[in-house]
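The values are calculated or read from the model by the stated rules, or taken from the named source; none is laboratory data. Predicted, not measured: the structure shown is a model, and the values here were computed from it. Cβ coordinates were reconstructed from backbone atoms using ideal geometry, including for glycine residues, and neighbour counts include every protein chain displayed. Surface areas here come from the heavy atoms of the whole protein model, side chains and all, with no ligands, DNA or RNA. Shrake-Rupley method; radii C 1.70, N 1.55, O 1.52, S 1.80 Å.
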Amino acid sequence: MARSLGRIFSGFQRLGCLSPMKAHLSQPSATSVAVRSTLVRSMVLALPSPFSSKPRDFSLPNSSWGSEMKRLYEHYNSQCEVETEGGEKQEGPWRRLPSYNRLLKYATGGVYLSKIIQSKARLFTRNIRDAGAAFEYVLFVNSEEKKCVCIFQAGHLLEGPPGHVHGGAIATMIDTVTGTHATILSGPVMTANLNISYRSPIPLGSTVLLESTLDKKEGRKTFIICKVTSTDGSKVHTETTALFVSINIGHLLLGG
């Protein structure tokens, strides 16, 4: 495995196929390539076109989505592309983020890599096959305003108190949204602190909004504020402050 990965990485370097990375990927040793199961938030590896098959994007609408989930999706998705006065299409203020069952699949060719590196691993929020049973969500990001919004519909498998969503499931979604947002702002990060204040329970099957906003950046630290509310904003379910620290993704991938 080590020799195989070494050939892959060195081959990409010769072909110029490695995408620019904030953190340098060092050459793996022949004795230890420990690809750790961590909260690595992004990968920017590129593979040659023969391995660029498209994985399933879980952020797209499916039959389990309720009317409120669909309405909010259309609201934000319609702002991803706008029409100028001249009738031309251009990028809007919001961008929908794709979502797969492995982080590796975010990259071109990630499907191929995910079959080599811990092939049975699955993203925690995307490991239930039944649509609508657990985490149904889609993220939109506004780079200019440094905001990220998540539309989340909680399935029946996420029950904690009778008829309501488990606090751990809510925390998982908050970590997912704020972590993704921090990655977009600062590159690969890991969660250092997540301070959640629970205000009111979330009924199972309901749709809520998670709004993530940049507070400040200090060196390797990125501070995020996140609020979970009802879709009309009338009820606050949680308020969160989060701290993320930038990491060297090369060391994590190659066991350094």
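Could you please give the count of residues in region 161-205 that are outside any helix (DSSP H, G or I) and touching a residue at least 12 places away in the same chain (Cβ under 8 Å)?
Qualifying residue count for the region: 23.
Failed condition for Phe223, given (1) under 25 Å from Ile128 (Cα atoms); (2) assigned to a strand (DSSP E or B); (3) free of Cβ contacts under 8 Å to residues at least 60 places away in the same chain, with all others met?
(1)
Out of all the residues in region 56-89, which are among the aromatic types (Phe, Trp, Tyr) and in a helix (DSSP H, G or I)?
Within region 56-89, Tyr73, Tyr76 meet the criteria.
Quick one: is Val228 under 23 Å from Ala133 (Cβ atoms), part of a strand (DSSP E or B), modelled with pLDDT of 95 or more and in contact with an Asp or Glu (Cβ under 9 Å, 6 or more places away or on another chain)?
So Val228 fits the description; yes.
Can you say whether Gly219 is more than 18 Å from Trp65 (Cα to Cα) and open to solvent by 30 Å² or more (accessible area, probe 1.4 Å), as far as the supplied structure shows?
So Gly219 fits the description; yes.
Can you name the condition, by its number, that Thr176 falls short on among (1) open to solvent by less than 20 Å² (accessible area, probe 1.4 Å); (2) in contact with a Leu (Cβ under 9 Å, 6 or more places away or on another chain)?
(1)
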